[in-house]
Structure formats: structure tokens, C-alpha cells
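Student: First, the structure itself, so that you have it in front of you.
What follows is calculated from the coordinates using simple rules that are stated; it is not laboratory data. What you are looking at is a predicted structure, and each value in this text was computed from that prediction instead of being measured. Using ideal geometry, Cβ is built from the backbone for each residue, glycine included, and neighbour counts are taken over all protein chains shown.
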Amino acid sequence: MMNLKCAGAAALVCSVAACSHGEIVEVRYDFPTNVNTSVLYGYFGGDAPLEGSIISTTLVIENYLVQSGNDASDFYLTFDVPVIDSVASQVRLLGGDLGWSGTGSFVISFTTDDYNGTIRPGRFGAEFVGGGTFVGDAYISFTVDTNPVPAPGTMALLGGAGLMGLRRRR
């Protein structure tokens, strides 16, 4: 009877491992207030590497304010997305392409799956050029499906080892 319970537990570990995924988290990078800045980031997600896959990207610029003497068409933003196997790996916005021109307040926001893919390790950066300032929310946010700890393969191996142990007892 005990072997049957152990076999059931090992089978449960194997089946859970096959369908497990990590936690869904949001990773947000706020843009600097003053444009004409470049930023070099360390690990994606914070102080330690975040492993997993980007499943959605949202960019919001609530108010890009351009004063006299500058032109919104000169706005330029690039944000390198640290991802492999995606449609694109760099967000690139040009004021002229957005239809921005002259002075005043400009807005853009979008959500896309163009940057979906596996997060790669290593540094990445962003560049902001233009004569305006960000007022209010200005950020890029990533929805990430993190890798489970321990990984599914490890869990399956542990379950398989449990089944092997049962077989040896007989």
C-alpha cells in the first residue's frame, strides 16, 4: 500500500512538472524627465537576472511637452529590448513618424506582442533625444512569464527518480 502511495506522489510530481509555469510579473522602466539622455541598464528586471519570456509590452507617454525653440518632430527614442526569438528587439519612435510637429503636448501609448520572446542575459540600454520633457507617466512595461523554480525538467527528473526507487525495492 505504501508503494502505491509513493508511486501516486511521484506521478503527481511528474504531471505537475509537465504543465507548470512561473509567476506572471510586470517589469516597468520609467523614462527620465529630461530628454537628451541615454541609460544603460544591468539585469532585466532588477538586481538579479529575471529568466522567462516577455508575453506583452506596453509603452506610455502621457505628456511629452515641447517648449518654443524646439520641435516635436525631432523626438527620438530607442529602447533595446533584451529578448531573443522575437519579431523585433528595439522599440524605436521618431517624432516625425508619429506625426508630431512644433511645440505643445504630445501623447502616445500602445500595447504590442512584437517584443515577445525569451529574455536574454546581459546589459541593455535606451536613448532619448529631443528638446522636450516628459511630464506625467512615461514608461515601458513588460509582462513576463517567469521560469518556475525549480524548472519543470528538474521536477520531472525528481518524480522519475521516485518511481525508480519504488521499482528497486521490489
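Student: State, to one decimal in nm, how far the label point of E26 lies from the label point of S109, with both points 7 Å from Cα in the Cβ direction.
Tutor: 1.1
Student: Further question on the same structure: Any idea how far apart A88 and T33 come out in nm if each label point goes 7 Å out from Cα toward Cβ?
Tutor: In this crude spin-label approximation the distance works out to 3.0 nm.
Student: Counting pairs of Cα atoms in the stretch 22-147, how many percent are more than 17 Å apart?
Tutor: So the pairs more than 17 Å apart make up 56 percent of the total in the stretch 22-147.
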